[in-house]
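Chemist: Please read through the structure below; I'll follow up with questions.
Throughout, read-outs are computed from the coordinates displayed, never taken from laboratory work. Note that the structure is predicted; figures quoted are calculated from it, not measured. Ideal geometry is used to build each Cβ from the backbone, glycine not excepted, and the neighbour counts take in all protein chains shown.
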Amino acid sequence: MQALDLAVYHFRTHEAERLNRRARYASTMLVERKRAAINTSGALQRFGASYDG
């Protein structure tokens, strides 16, 4: 019984760590994507302003 408890505990902590890592990665990707979108829109506005003359 103790070994089973240990296995379940290990699985749960490992699973939680994996989910945390995935959530952290997802939030990082969202921030990067948002930053890229802001940079892109800024570049497009500058380009559009110079392009329109």
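Chemist: Would you confirm whether any residue within segment 14-36 is acidic (Asp, Glu), assigned to a helix (DSSP H, G or I) and surrounded by fewer than 10 Cβ atoms within 10 Å (Cβ to Cβ)?
Modeler: no
Chemist: So, in segment 37-51, how many residues would count as being loosely packed, with under 10 Cβ neighbours inside 10 Å and of a type in the set (S, T, N, Q)?
Modeler: Summing the residues that are loosely packed, with under 10 Cβ neighbours inside 10 Å and of a type in the set (S, T, N, Q) in segment 37-51 gives 1.
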